[in-house]
Amino acid sequence: MAKTTLHSLLEMKKTGEKFTCLTSYDATQAHMVSSQGTDIILVGDSLGMVVQGRDSTVPVTMADMVYHTRCVSRGNTDAMIMADIPFMACSTPEQTYDNAAALMQAGAEVIKLEGGRWLCDTVRGLSERGVPTCLHLGLTPQSVSMLGGYKVQGRGEEAANRMIEDARLLAEAGANILLLECVPTPLAREIARSVDVPVIGIGAGPDTDGQVLVVYDMLGMTHGRKPRFVKNFMAEAGSPAEAVAQYVTDVKSGTFPAPEHGFEA
Ligand code: KIV
C-alpha cells in the first residue's frame, strides 16, 4: 500500500473515496491496523481511558503522548500518524510549538488539537513552521467538564452555525484536516461540503470524507457503555486483523457508518 500523505487525503476528498482512521497506542496495534490498509493511525489521548483506565482524557500528559507515539511509529507500515496534544498543552502558541516538536520528533506527522476559532493563531503559526494540524470539533473530550458530559454537539441553529464558522475559520487559518465527534449527520455533511480540507467523523454520520473509531471499540473490547456510533467488527471476524480489514472495506464502500450509528439534528 502507498504511504498516506496530506496530498493523498486531499485527492481522496476530491474523488469521493472515503478514507479510514483507527487509534493505536502500541507497536503491535499499529502494525496490525496499518498492514490492513488503514489510512491514518491516531495516537489518541483516549489512551488515558482505554489504556490507563482513567475516567477522562484530562490526566493525560505530554510524556504519555510522546511515549505512545514512539511505540506506534515503530510498528507502523504506511499509515499517516496523527497524535493528540493533551489537555492544557496548547494554551499558548509557544507552548504548542514546543509540544508539537516533541510529538513530531517521536514520529507524528500531523498534530491534533481540540478546540475552535480560539486556536486560529496557533494553527497559522504551526502551518508556517511546517507542522500539519487536525482540528477536533464537536464533542471535545478534554472539555467534558465544561460541556457537562459526553453529549452530541451542534444541535440547534445557533450552535450549528457556530460550528460551521469554526470549521471555516480553522481551514482558512491553515488546518489540514478537521475531525467532528458526535455531531448530527446533516451538520457534519454541511461542514464536509463547505471546507476544502478532508473531514473525519466519529458519530457524525456517513457523509464526512473519512471515519475514525477507537481500536478497542471496533474490536468489541469496549469497557462500560458502548457508544451508539461504535460497531463491533469482531462479531463476524475470525481475527483482529480480519476485523480491521472489514472496517476498511465497509468505510470505503459506504456501508459503515449505517444510519443507526449517527445522530439526528
Ligand atoms: O483520543 C481519541 O481517540 C480521539 C478519537 C475518539 C477521535 O480523539
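Quick notes on this one:
- If you model the chain as an ellipsoid using its alpha carbon gyration tensor, with each semi-axis the square root of five times an eigenvalue, the axes come out at 24, 22, 19 Å, biggest first.
- The stretch 188-240 versus the stretch 52-78: alpha-carbon centroid distance in Å: 20 Å
- A 1.4 Å probe run over the stretch 191-265, with the rest of the protein chains in place, finds 47 Å² accessible per residue.
- Pairs from LYS151/LYS252; LYS151/LYS231; LYS13/LYS226; LYS14/LYS231; LYS13/LYS112; LYS14/LYS151 whose Cα-Cα separation, in the structure shown, is over 23 Å: LYS151/LYS252; LYS13/LYS226; LYS14/LYS231; LYS14/LYS151
- Sequence-distant residues sharing a close amide H with GLY220 (under 5 Å, placed H): PHE233, MET234
- For GLY201, distant residues with modelled amide H under 5 Å away: LEU180, GLY210, GLN211, VAL212
- Gain in span if fully extended, MET62 to THR92, counting 0.36 nm per residue against the direct Cα distance: 9.3 nm
- Antiparallel content of DSSP bridges confined to the chain, in %, to 5: 0 percent
- In range of the label at TYR150: residues from the stretch 34-58 whose backbone nitrogen is under 15 Å from the point 7 Å along Cα→Cβ: 44-58
- Label-zone membership for the stretch 6-24, site THR255, 7 angstrom Cα→C-beta point, backbone N under 19 Å: 17-22
- Whole-number D in µm² s⁻¹ for the stretch 118-265, Kirkwood Cα-pair radius fed into Stokes-Einstein, 10 °C, 1.306 mPa s: 99 µm²/s
- Full-stretch length increase - TRP118, LYS226 - with 0.36 nm per residue and alpha-carbon distance subtracted: 35.7 nm
- For the stretch 1-96, the solvent-accessible area with a 1.4 angstrom probe is 41 square angstrom per residue.
- With all projection directions averaged, the alpha carbon convex hull of the stretch 84-127 covers 2.7 nm².
- By the Kirkwood approach, averaging reciprocal distances over each pair of separate Cα atoms, the stretch 25-76 gets a hydrodynamic radius of 11.2 Å.
- Restricting the trypsin sites (Lys or Arg not before Pro) of the stretch 87-154 to loop positions (DSSP other than H, G, I, E, B) with no more than 12 neighbouring Cβ atoms within 10 Å leaves ARG129, LYS151.
- The stretch 221-264, dipole about Cα centre (Lys/Arg Cβ +1, Asp/Glu Cβ -1), debye to the nearest 20: 180 debye
- Couplings for the stretch 125-136, taken from phi via the Karplus curve 6.51 cos²θ - 1.76 cosθ + 1.60 with θ = phi - 60°, read x, 5, 4, 4, 8, x, 10, x, 10, 10, 9, 9 Hz in order; Gly and Pro are left as x.
- Rounded to the nearest 20 debye, dipole of the stretch 1-55 from Cβ charges on Lys, Arg, Asp, Glu: 180 debye
- Dipole magnitude for the stretch 41-196: computed about the Cα centre from +1 point charges on Lys and Arg Cβ and -1 point charges on Asp and Glu Cβ, it is near 240 debye.
- Percent accessible area from carbon and sulfur atoms, the stretch 82-137, protein chains only, probe 1.4 Å: 52 percent
- Equivalent-ellipsoid semi-axes of the stretch 1-148, from the Cα gyration tensor, Å, largest first: 23, 19, 15
The values are calculated or read from the model by the stated rules, or taken from the named source; none is laboratory data. In this text, all values refer to a predicted model and were calculated from it rather than measured experimentally. Note: ideal-geometry Cβ built from the backbone for every residue, glycine included; neighbour counts use all protein chains shown. Please note that ligands, DNA and RNA were not included when accessible areas were found on the heavy atoms of the full protein model with its side chains. Shrake-Rupley method; radii C 1.70, N 1.55, O 1.52, S 1.80 Å.
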